[in-house]
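Below is one structure, written out as structure tokens, with a few remarks after it.
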Amino acid sequence: MGGSRTHPYGSTNAVRAHVLAALGVLKLATADQMHRLMAPGHKDNKAFRNAALDLARHGLAVSEGSARDGNKLWNLTPLGLDAAAEVLGRPVGELGGTARGAARSGAPHAMAVNETVIAITRTPATATRPVPRQQPDPTPTATEEESALGLVLEAPGMGWIGSWSTEVPLNLPTSRVRADAVLQAPEAGLPVLFVDVDNCTESADVLAAKSRSTCATSV
């Protein structure tokens, strides 16, 4: 694996930082999801699996179960959450908890939330770089310029990992609502987006009431 004594699985500083940032925001994720969200330019998720294993060796990450597709689930330890806050440049209190024990059930709802975040963010498939402390330069890339010319049909995404928060309680006067995810991407013309992912566990009436409450509060 080409590793060292401290990092026997051969992970790099950059990819370990990507894993910390992804788990700091998502709470719980597979290596494949972290790969697609943070650095889809990698040919596969092996670098992310190795980074998670090296972080686990140092007590920063842990796997307590697998998703229903069989992929191992990873989450941070309290020590890992502190490290993630440093990588993201955010107070650790903003990151919430460590999702301890959530992987034992396969976490289908968390997996659906992660896929929603990945789909909206649509991280460009560029070379691995350190996790930025602020929104990356919005200057159009060559791929984005090609898209503007109609040469590429895939739409650009919005935000980056630091634009997201998950499991966010909303202070509503009429009910207690927790947004599955919140995106703040003013550089994309989107001041705030509340995301609620339904796995068909709530009725249409309940979802409609939550949406009305959220919209009333945001206005």
TODO: Filter the stretch 180-216 for residues that are within 15 Å of V168 (Cα to Cα), at pLDDT 70 or above and open to solvent by 40 Å² or more (accessible area, probe 1.4 Å) and give the result.
DONE: Q184, V192, L193, F194, D196
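Quick one: would you say L53 is under 17 Å from the mean Cα position of the chain (by Cα) and at pLDDT 95 or above? Break it down into steps so the answer makes sense when it comes.
Numbers: under 17 Å from the mean Cα position of the chain (by Cα): no; at pLDDT 95 or above: yes.
It is false that L53 is under 17 Å from the mean Cα position of the chain (by Cα) and at pLDDT 95 or above.
Does L149 satisfy being of a type in the set (A, V, I, L, M), exposed (fewer than 15 other Cβ atoms within 10 Å of the Cβ) and at pLDDT 95 or above?
On the way: of a type in the set (A, V, I, L, M): yes; exposed (fewer than 15 other Cβ atoms within 10 Å of the Cβ): yes; at pLDDT 95 or above: no.
It is false that L149 is of a type in the set (A, V, I, L, M), exposed (fewer than 15 other Cβ atoms within 10 Å of the Cβ) and at pLDDT 95 or above.
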Task: Output for the stretch 84-102, where each listed residue is in contact with a Lys or Arg (Cβ under 9 Å, 6 or more places away or on another chain), at pLDDT 90 or above and assigned to a helix (DSSP H, G or I) - done: A84, V87, L88, L95
Task: Tally, over the stretch 48-79, of residues that are open to solvent by 30 Å² or more (accessible area, probe 1.4 Å) and assigned to a helix (DSSP H, G or I) - done: 6
Open item on the list: Out of everything in the stretch 103-128 that is hydroxyl-bearing (S, T, Y) and at pLDDT 95 or above, what residue ends up being nearest to W160 (Cα to Cα)?
Closed with: T121
Task: Cβ pairs under 9 Å, 6+ apart, first in the stretch 48-62 and over 15 Å from L73 (Cβ atoms), second of a type in the set (D, E) - done: L60/D54; L60/D82
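Just give me the residues in the stretch 20-47 being polar (S, T, N, Q) and open to solvent by less than 20 Å² (accessible area, probe 1.4 Å), in sequence order. Please lay out each step first, then the result.
Here is the first cut: in the stretch 20-47, the ones polar (S, T, N, Q) are 30, 33, 45.
Of everything in the stretch 20-47, those that are polar (S, T, N, Q) and open to solvent by less than 20 Å² (accessible area, probe 1.4 Å) turn out to be T30, Q33.
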TODO: Within the stretch 136-144, identify whether any single residue is open to solvent by 50 Å² or more (accessible area, probe 1.4 Å) and modelled with pLDDT of 90 or more, and answer yes or no.
DONE: no
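The values are calculated or read from the model by the stated rules, or taken from the named source; none is laboratory data. Computed from a predicted structure; not experimentally measured. Using ideal geometry, Cβ is built from the backbone for each residue, glycine included, and neighbour counts are taken over all protein chains shown. To get the accessible areas, we keep the full protein, side chains included, count just its heavy atoms, and leave off ligands, DNA and RNA. Shrake-Rupley method; radii C 1.70, N 1.55, O 1.52, S 1.80 Å.
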